[in-house]
Amino acid sequence: MPGEVITLQVGQCGNQVGLEYWNQMALDFGLAPDGTPQPYKSDELAFETDSQEFSQKPPSQREDVLESFFTLSEQNKYTPRSILIDLEPSVVTKATAKLPMFNPRNVHLSETGSGAANNWQHGYAYGRNHEEELTNLIDRELDKCDNCSAFQLMHSVAGGTGSGVGSLLLELLNDRYGSKKIASTFSVFPSNEKTSDVVVQPYNTMLTLRRLIDFGDATFVFDNDSLNTLGNMFIGSGLEKNLNCSTAFEGANKLISYVAAGITNPLRFPSYMYSSYESIISTVVPTPELKFLSSSIAPYSNIPGVVPAQNYVSLNEYDIILELLNDKYKLNSCKEPLKYISVLDYVIGSNLDQKEIRRGIIKAQQRVSFVPWAPHSIGVVNGKQSTFTKPKSKRLSGIQISNNTSIVHLFGKTVKQYDLLAKRAAYINFYTASNDASERQEVLDAFEECKESVRQTIDEYKACTKESYFGDDIMDEDML
């Protein structure tokens, strides 16, 4: 059985995404909001027989694996392996009311309920002051695991709680478990094209990026510009015509949670490949420095809560693989021609046609521009559809995770926004206890260290496009 995965959802954004994520997981596993399992029915025959009584597998013989993401209580109810953290209660209260399956002991809220004021420093300081409580929450959830393989953090990089407390949690996980557990993040980046209501957003982003670079093992990057564009594209085509958004970001949160749940499809519905979190991450992250990942969603995918348009077009396996290469379906912005380091496609459906998958891989390999040193191969996960959410007619879904050079553009924009503030030392008082000149300079120096770390990551992604990328390291070792 795959190792357990513990989810940390931090801040307003992280908990909104987490709510959609667990809502989808509950639908896929046939769980009621309180965690009560529905009767399980398999579409596969246990053995050939004319008897209707024995034509189905026993209900207890489930083909999916809940234990990696849920714990089973004595009341026969499933509870998510998730920890909810926020400094103000509104979003967490909504989440626990909508999905009572959440364990109330796994909720951490600030006693004052005042929030982190969209300030990384406030969130980080709060986390440091409550380090023992947060550590106890994680340890208690770990004690319920037989073989925990990964932590996944859901958060925003530009606010206060998700960025500040999220950064501290990454430091704690790295300090306590190091390379023993994978720490992946689903990180939402702010809009780079429009003015934000949070004036210190570039500072928060820069400080968080430093921790993602130093302490994360893989970061799935989402930016609000692409999320909004893709959401509008789906709405305009009728794909989300009947999607009622109770919040401004619900459509975007559905897209993120669909990717997050889809990535773990082979863990939840095990097959002969990619059956562990480690095998998925190692496929797309070749070196510790190149770990910022893009994701794509194929059009007309079976997204929960999204009703297909009347002019729905049925895509086969070949179509799905090629559509996933289209940059307009990526959930992070792509402004320049990309170089790919690794590609992993998920084709999700029943009775997949392997011939069409092979055709798609061959055609995709001709279209993808890989970096010179990387194998020109495209991995494919043969994903399975949940028996509880399977469409009546054959309808394939697809997602892609890839490691490519689009990160250069996103990080470059972040650095430019930061420079506009930093060169005037604007709003530095938000991060200081006093207006003392030496303290202000100390904060600016810390910001510059973060910027240098981001710059090095940009340079790393630029350097990896050269054939001598690994050769330079070999020469350095020979010289030593």
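Computed over protein heavy atoms with a 1.4 Å probe, the carbon and sulfur contribution to the accessible area of the chain reaches 48%.
The order of the peptides 392-405, 453-466 by mean Cβ neighbours within 10 Å, most packed first, is 392-405, 453-466. Taking every protein chain into account, the accessible area of the chain amounts to 44 square angstrom per residue (probe 1.4 Å).
The computed Cα extents along the principal axes in Å for the structure shown corresponds, within (i) 99, 51, 44; (ii) 82, 65, 50; (iii) 85, 53, 50, to (iii). Ordered from highest to lowest accessible area with the whole protein assembly present and a 1.4 Å probe, E111, E141, E133 read as E111, E133, E141. A straight Cα-to-Cα reach below 23 Å connects K181 with the lysines K144, K291, residues fewer than 8 places away in its own chain not being considered. Spin-label pair E133-E278: with each label point 7 Å from Cα along the Cα-Cβ axis, the two points sit 3.5 nm from one another.
Per residue, the average separation of C-alpha pairs within less than 8 Å and at least 6 apart gives the chain a relative contact order of 16 percent.
For the chain, the dipole from Cβ point charges (+1 on Lys and Arg, -1 on Asp and Glu) about the Cα centre works out to 1460 debye, to the nearest 20.
Within the chain, DSSP assigns beta bridges of which about 35% are antiparallel (rounded to the nearest 5). Checking every one of the chymotrypsin sites (Phe, Trp or Tyr not before Pro) in segment 310-341 against DSSP loop status and a limit of 15 other Cβ atoms within 10 Å picks out Y312. Specify whether the C-alpha gyration tensor of segment 316-370 places it in the rounded, prolate or oblate class, a ≥ b ≥ c being the square roots of the eigenvalues: rounded for a/c under 1.5, otherwise prolate if a/b is larger than b/c and oblate if not. Taking the square roots of the gyration eigenvalues as a ≥ b ≥ c, segment 316-370 is prolate.
Considering helices alone, the calculated mean residue ellipticity of the chain at 222 nm is -13000 deg cm²/dmol, with DSSP H runs of length four and up weighted by -39500 (n - 2.57) and normalised per residue.
The packing ranking, built from the mean of other Cβ atoms within 10 Å per residue, places the peptides 116-122, 5-11, 177-183, 421-427 in the order 5-11, 116-122, 177-183, 421-427, highest first.
The values are calculated or read from the model by the stated rules, or taken from the named source; none is laboratory data. The structure presented is a predicted model; accordingly, all values stated were derived computationally and were not measured. Cβ: placed from backbone, ideal geometry, glycine included. Neighbour counts: every protein chain shown. Quick note on the areas: whole protein, heavy atoms, side chains included, nothing else; ligands and nucleic acids left out. Shrake-Rupley method; radii C 1.70, N 1.55, O 1.52, S 1.80 Å.
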